[in-house]
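These notes are about the structure you will find just below.
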Amino acid sequence: ANFSEQVVESFPSDITTGIYYGWACVGNGDVHKMVLSIGWNPFYKNIKKSVETHIIHTFKEDFYGEILSIVIVGYIRPEKNFDSLEALISAIQEDIEEAKRQLDLPEHLKLKEDNFFHLPESKIMNNH
């Protein structure tokens, strides 16, 4: 789930690029573990900074147009380039496993229940 340019521009400009972990919620649905990439994605040679969320969950349908709420809990590693797509995929899998381990810690698990993730009824779309 990628954030729009407008949202990316609203992120603090001094936030370190790299890979983060945390919690994500689509609409008013369940809260799931996530990995977040903030940066330029050097493998794809992006010219604009992006913020891409990988929610560690399989959804039954697309959620375009929904509100995506995230809480960044911790930092995994800096952004880097890769020699191949396979190396990039391998690093992403390692990032996901690290995020799962970290988010299972009691001090991180409790954030999953934060009221931040409960949207007012007026913000819910598509019955989510």
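Restricting attention to region 68-110, and to residues there that are part of a strand (DSSP E or B) and of a type in the set (A, V, I, L, M, F, W, C), which single residue is modelled with the lowest pLDDT? Walk me through how you get there before you give the answer.
Of the residues in region 68-110, the ones part of a strand (DSSP E or B) are 68-77.
Narrowing the set further to residues that are of a type in the set (A, V, I, L, M, F, W, C) leaves 68, 70-73, 76.
Working: LEU68: 90, ILE70: 94, VAL71: 95, ILE72: 95, VAL73: 96, ILE76: 98.
In this case the residue turns out to be LEU68.
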Restricted to region 31-56 and to residues being free of Cβ contacts under 8 Å to residues at least 40 places away in the same chain and at positive phi, the residue surrounded by the most Cβ atoms within 10 Å (Cβ to Cβ) is ASN41
Tell me yes or no: at least one residue of region 56-68 is closer than 17 Å to ILE89 by Cα and within 11 Å of the chain's Cα centre (by Cα). yes
Within region 43-67, of all residues that are in contact with a Leu (Cβ under 8 Å, 6 or more places away or on another chain) and in a strand (DSSP E or B), the one farthest from VAL7 (Cα to Cα) is HIS54
Condition set under 17 Å from TYR64 (Cα atoms) and either among the hydrophobic types (A, V, I, L, M, F, W, C) or in contact with an Asp or Glu (Cβ under 7 Å, 6 or more places away or on another chain) (or both), scope region 9-30, selection surrounded by the fewest Cβ atoms within 10 Å (Cβ to Cβ): answer is GLY27
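The values are calculated or read from the model by the stated rules, or taken from the named source; none is laboratory data. Nothing here was measured: the structure is a model prediction, and the numbers come from that model. Neighbour counts are summed over all protein chains in view; Cβ atoms, including those assigned to glycine, are modelled from backbone coordinates with ideal geometry.
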